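Contents: one structure, followed by commentary.
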Amino acid sequence: MKSKILKFSTLALLLLGICACSALPENLVSTNPNLQTSYSAWNSTLDVTQELRLGGVIASVKNLKNKTRIEVVNLPIDSSGKPDINQEPQGRFVGYVEGFADPIKFAEGRLITLLGNSDSQEAATVGDYSYDFPVMKVKNYHLWRIEERVVIHNNFGPSNYSCRGLYCREIIRGTQQGVVIQEVK
């Protein structure tokens, strides 16, 4: 009986942990069943009645009199709203946030996901190139950070000196190589 309860408890905690890791942040939740999360589908129709959840990398931030203009280089988002940094950018869009948004908090290169309504298009430039930006009126947003970890691989494997008393040490022969793994959190 106790083993069944222990197994069930372990399974429940495991499922809870998995769900907590992939949950959509509360500020990005929408009850709209027609929520658009595809940049290319939105950009092809530009339906001003659509609710959107899109993400990407902040390209620029400009504070205007009563609102802030955030230019975003779009990246596909996953089910938890995180921009996929392993995908190629799909285009650019502009999000307008009511009020002041600190340019330090919304720094260029930072990952962001925006929830809002489709507006229209606006013509602007990227460098000297004229670009028609689809526009979103932002209701809410979530800023993400990238965490990096390094995994070191030994090409030739370790070998140990013999232990002398309590002290053992490892010798690495040959070169070491590592891989930097980036995760959006």
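The values are calculated or read from the model by the stated rules, or taken from the named source; none is laboratory data. Predicted model, so just to flag it, every value in this text is computed and none were measured. Every residue, glycine among them, receives a Cβ derived from its backbone with ideal geometry; neighbour counts consider all protein chains shown. In case anyone asks, the SASA skips ligands and DNA or RNA and just uses the protein heavy atoms, side chains included. Shrake-Rupley method; radii C 1.70, N 1.55, O 1.52, S 1.80 Å.
So which residues in the range 83-136 are of a type in the set (A, V, I, L, M) and touching a Pro at 6+ places or on another chain (Cβ under 7 Å)?
LEU111
Condition first: in contact (Cβ under 8 Å) with a residue 24 or more places away in the chain and under 22 Å from the mean Cα position of the chain (by Cα). Now tell me which residues in the range 60-74 satisfy that.
The answer is SER60, VAL61, THR68, ARG69, ILE70, GLU71, VAL72, ASN74.
Quick check on the range 22-45: of everything there that is in a helix (DSSP H, G or I) and open to solvent by less than 40 Å² (accessible area, probe 1.4 Å), which residue is farthest from GLN87 (Cα to Cα)?
Of everything passing the filter in the range 22-45, LEU28 is farthest from GLN87 (Cα to Cα).
Within the bounds of the range 49-59, is there any residue that is open to solvent by 40 Å² or more (accessible area, probe 1.4 Å) and over 13 Å from the mean Cα position of the chain (by Cα)?
Yes, the range 49-59 has at least one match.
Among the numbered criteria (1) modelled with pLDDT of 95 or more; (2) open to solvent by less than 90 Å² (accessible area, probe 1.4 Å); (3) not polar (S, T, N, Q), which single criterion is violated by VAL151?
Going through (1) modelled with pLDDT of 95 or more; (2) open to solvent by less than 90 Å² (accessible area, probe 1.4 Å); (3) not polar (S, T, N, Q) one by one, VAL151 breaks only (1).
In the range 62-70, is there at least one residue being surrounded by 13 or more Cβ atoms within 10 Å (Cβ to Cβ), over 21 Å from ASP84 (Cβ atoms), at pLDDT 90 or above and out of contact with any Pro (no Cβ under 9 Å at 6 or more places or on another chain)?
Yes.
List the residue pairs whose Cβ atoms are under 7 Å apart, where the first residue sits in the range 34-48 and is at pLDDT 90 or above, the second is open to solvent by 40 Å² or more (accessible area, probe 1.4 Å), and the two are 6 or more positions apart or on different chains.
What qualifies is TYR39/GLN90; SER40/GLN90.
Which of (1) in a strand (DSSP E or B); (2) aliphatic (A, V, I, L, M); (3) open to solvent by less than 50 Å² (accessible area, probe 1.4 Å) does ALA123 not meet, given it meets every other one?
(3)
Can you give me the number of residues within the range 96-109 that are farther than 12 Å from MET136 by Cβ and either of a type in the set (A, V, I, L, M, F, W, C) or crowded, with 18+ Cβ neighbours inside 10 Å (or both)?
5
Looking only at the range 123-142, which residues are charged (D, E, K, R) and touching a strand residue (DSSP E or B) at 6+ places or on another chain (Cβ under 8 Å)?
ASP132, LYS137, LYS139
When residues of the range 74-95 are filtered for being part of a strand (DSSP E or B) and buried (at least 19 other Cβ atoms within 10 Å of the Cβ), how many remain?
8
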